[in-house]
Amino acid sequence: VQLQASGGGLVQAGGSLSVSCAASGGTFSDYCVGWFRQAPGKEREIVATISRLGGSAYYIDSVKGRFTISRDNVKNTVTLQMNDLKSDDAAAYYCAAAPGLRCVTTRGQYPLWGQGTQVTVSS
């Protein structure tokens, strides 16, 4: 499976933006998908994950209630809808995929990565 992230951009604080991850090759529904982000000078951190069939999602505390992860296994896409964006959300966002029944949150456990897409939040 190969991943292609898209949809980043510039948004004002309090605004909304979505980033998408398109998969090609392989059976997409075999994979948990996670969104990670990395701000300059900081470690890459998990933001959200979604299970193979989309029935279970995980969010870090700082985005709960503002971000929603979803997937479409027919279109082979995963979308992260981000609302009420804050300056701390500004980062390069990466999608990643890991096979398995249970989604993980550790960067090293994701073997497949898309390129980053930049999200900039202006105040």
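The values are calculated or read from the model by the stated rules, or taken from the named source; none is laboratory data. The model shown is predicted, which means the values in this text are computed figures rather than measured ones. Positions of Cβ are backbone-derived with ideal geometry, glycine not excepted, and every protein chain shown enters the neighbour counts. Keep in mind that these areas ignore ligands, DNA and RNA; they rest on the heavy atoms of the full protein, side chains included. Shrake-Rupley method; radii C 1.70, N 1.55, O 1.52, S 1.80 Å.
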Going through region 14-53 in order, the residues found to be part of a loop (DSSP other than H, G, I, E, B) and over 30 Å from Ser87 (Cβ atoms) are Gly25, Gly26, Thr27, Ser51, Arg52, Leu53
Note: among Gln12, Gln38, just one is out of contact with any Phe, Trp or Tyr (no Cβ under 8 Å at 6 or more places or on another chain), among the polar types (S, T, N, Q) and under 12 Å from Val119 (Cα atoms), namely Gln12
Pairs returned, first residue in region 96-121 that is farther than 20 Å from Gln2 by Cβ, second residue that is of a type in the set (Lys, Arg) and modelled with pLDDT of 95 or more, beta-carbon separation under 7 angstrom, 6 or more apart or interchain, are Val121/Lys86
Practice prompt. Examine region 32-44 for a residue that is of a type in the set (Asp, Glu), open to solvent by 40 Å² or more (accessible area, probe 1.4 Å) and in contact (Cβ under 8 Å) with a residue 12 or more places away in the chain, and state whether such a residue exists.
Written response: no
Note: among Ala90, Ala96, just one is open to solvent by less than 20 Å² (accessible area, probe 1.4 Å) and among the hydrophobic types (A, V, I, L, M, F, W, C), namely Ala96
